Amino acid sequence: QTTTKPPPLPSPLRFSKFFQSNMRILVTGGAGFIGSHLVDRLMENEKNEVIVVDNYFTGSKDNLKKWIGHPRFELIRHDVTETLLVEVDRIYHLACPASPIFYKYNPVKTIKTNVIGTLNMLGLAKRVGARILLTSTSEVYGDPLVHPQPESYWGNVNPIGVRSCYDEGKRVAETLMFDYHRQHGIEIRIARIFNTYGPRMNIDDGRVVSNFIAQALRDEPLTVQNPGTQTRSFCYVSDLVDGLIRLMEGEHTGPINLGNPGEFTMLELAETVKELINPEVEIKRVENTPDDPRQRKPDITKAKELLGWEPKIKLREGLPLMEEDFRLRLGANKKK
Ligand code: NAD
Ligand code: UDP
Ligand code: UDP
């Protein structure tokens with residue numbers, strides 16, 4: 001005799017959709033640079049409730065101060081390498097240090113955050129039926145032998161180098177996302193983010209744009225790491241956040257590159273910062289770190305076609321917006 005199974009309990013998504021059209025959204029790493037801008041954008045929609053979990057390794061409550069106490073907002077001190085029980089409809093999984101000096105500081109912890117942290121968020125997504133987006137990185141392409149980089153390129157990554165905790169960690173995180181998708185039917189989205197800059201970056205976090213702007217405002221030489229001809233493509237944070245939300249709410253799993261195709265050498269970047277922010281400042285050449293990718297530029301054909309997205313803010317427009325934020329935080333005067 002066969003017994004009929006009871007119908008499954010409604011997932012929070014179906015549950016909240018049934019009673020109201022509110023969306024409950026988890027942002028891991030929401031106290032960080034990109035995360036806090038994403039939270040600002042999500043909170044603008046009155047139908048959204050936002051939960052942030054963060055261990056404050058590189059992020060800060062200050063980035064979210066305007067939302068603390070808001071009835072649709074909740075901030076939880078939590079490390080994603082531990083189990084998390086919340087009921088949500090969407091998970092933006094950003095938690096992971098992004099600046100080389102921070103991710104190299106405790107590489108084993110960086111790997112755990114990428115692997116165990118992503119596994120936990122996928123376990124959560126599976127239990128509650130949530131859609132999950134991973135913020136992967138252009139670093140999965142390593143020191144690329146194909147230029148610009150399309151999503152179909154598998155990359156050139158050193159598995160045992162000092163950057164591997166981050167780039168190999170993100171590669172495993174992508175693998176886990178696709179395995180949960182294939183094996184458990186989880187709805188996934190993967191963004192491969194290229195260098196992003198803007199207000200609220202840690203002033204001393206060691207990334208090139210924040211370094212150069214802070215140095216220009218402090219009248220310190222701009223430290224161009226050798227050879228200086230290496231290239232990056234810089235996306236302003238509001239453009240990036242727009243791409244993340246389009247990806248999450250669109251139909252495509254990705255991976256999809258999100259970045260600004262404008263490509264600059266580090267010497268050109270230094271010259272531009274000098275011209276726009278402090279014409280008196282010196283440019284100094286310093287040693288580089290191992291495995292530094294020599295060139296990087298996104299092919300954003302997929303983002304354009306599938307998400308109708310492309311960045312709007314040029315480097316020359318974004319740098320002054322970031323300068324203003326850094327000047328206020330450093331208490332520095334305008335140099336120009
Ligand atoms: P960030 O360091 O400002 O933010 C990361 C946040 O995650 C911080 O608030 C930090 O405290 C938190 N965090 C770190 N480990 C955690 C853990 N174990 N548990 C809970 N919280 C933890 O960096 P960001 O630039 O805002 O980057 C956000 C995401 O975007 C990261 O996943 C990063 O890999 C990705 N990304 C960023 C860039 C970029 O240029 N900024 C480029 C590619 C990918
Ligand atoms: N997990 C979590 N929150 C949940 C459900 C799961 O943090 O709501 C974690 C859980 O601790 C586990 C991981 O996600 O380590 C993977 O969960 P899954 O159910 O896929 O695997 P299993 O628990 O069967 O190993
Ligand atoms: N860089 C530099 N001066 C600095 C910091 C970084 O010239 O003070 C260079 C670095 O060698 C690399 C590029 O800027 O080629 C981007 O480095 P960042 O750490 O910002 O990001 P990522 O290497 O992750 O792209």
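A compact table of results
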item: Lone qualifier among 205, 179 - being of a type in the set (D, E, K, R) and within 15 Å of ligand 1 (Cβ to nearest atom); result: 205
item: Selection from segment 297-317 of residues that are closer than 17 Å to residue 231 by Cβ and either touching a helix residue (DSSP H, G or I) at 6+ places or on another chain (Cβ under 6 Å) or not charged (D, E, K, R) (or both); result: 298, 300, 311, 315
item: Candidate set from segment 244-261 (those that are touching a Pro at 6+ places or on another chain (Cβ under 8 Å) and within 21 Å of residue 33 (Cβ to Cβ)); member that is surrounded by the most Cβ atoms within 10 Å (Cβ to Cβ); result: 258
item: Given (1) modelled with pLDDT under 95; (2) more than 8 Å from ligand 1 (Cβ to nearest atom), index of the condition residue 99 fails; result: (2)
item: Unmet requirement for residue 67, which otherwise passes all of (1) in a helix (DSSP H, G or I); (2) crowded, with 16+ Cβ neighbours inside 10 Å; (3) of a type outside the set (Val, Ile, Thr); result: (1)
item: Selection status of residue 30, at pLDDT 95 or above and either touching an Asp or Glu at 6+ places or on another chain (Cβ under 7 Å) or part of a loop (DSSP other than H, G, I, E, B) (or both); result: yes
item: Tally, over segment 112-155, of residues that are over 16 Å from residue 181 (Cα atoms) and without any contact (Cβ under 8 Å) to a residue 24 or more places away in the chain; result: 6
item: Filter result for residue 305 (part of a helix (DSSP H, G or I) and surrounded by fewer than 15 Cβ atoms within 10 Å (Cβ to Cβ)); result: yes
item: Residue satisfying condition, being in a helix (DSSP H, G or I), out of contact with any Cys (no Cβ under 7 Å at 6 or more places or on another chain) and either at pLDDT below 95 or surrounded by 21 or more Cβ atoms within 10 Å (Cβ to Cβ) (or both), within set 172, 140, 115; result: 140
item: Failed condition for residue 228, given (1) on the phi > 0 side of the Ramachandran plot; (2) crowded, with 20+ Cβ neighbours inside 10 Å; (3) more than 24 Å from the chain's Cα centre (by Cα); result: (2)
item: Enumerated strands (runs of 3 or more DSSP E) restricted to segment 246-292, each holding at least 2 residues that are away from ligand 2 (no atom under 16 Å from the Cβ) and within 30 Å of residue 302 (Cα to Cα); result: 256-258, 263-265
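Table: residues versus (1) within 16 Å of ligand 2 (Cβ to nearest atom); (2) under 20 Å from residue 35 (Cβ atoms); (3) buried (at least 21 other Cβ atoms within 10 Å of the Cβ).
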| residue | (1), (2), (3) |
| --- | --- |
| 102 | no, yes, no |
| 109 | no, yes, no |
| 124 | yes, yes, yes |
| 155 | no, no, no |
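The values are calculated or read from the model by the stated rules, or taken from the named source; none is laboratory data. Everything quoted here is computed from the prediction, not taken from an experiment. Every residue, glycine as well, gets a Cβ built from its backbone with ideal geometry; the counts of neighbours run over all protein chains shown.
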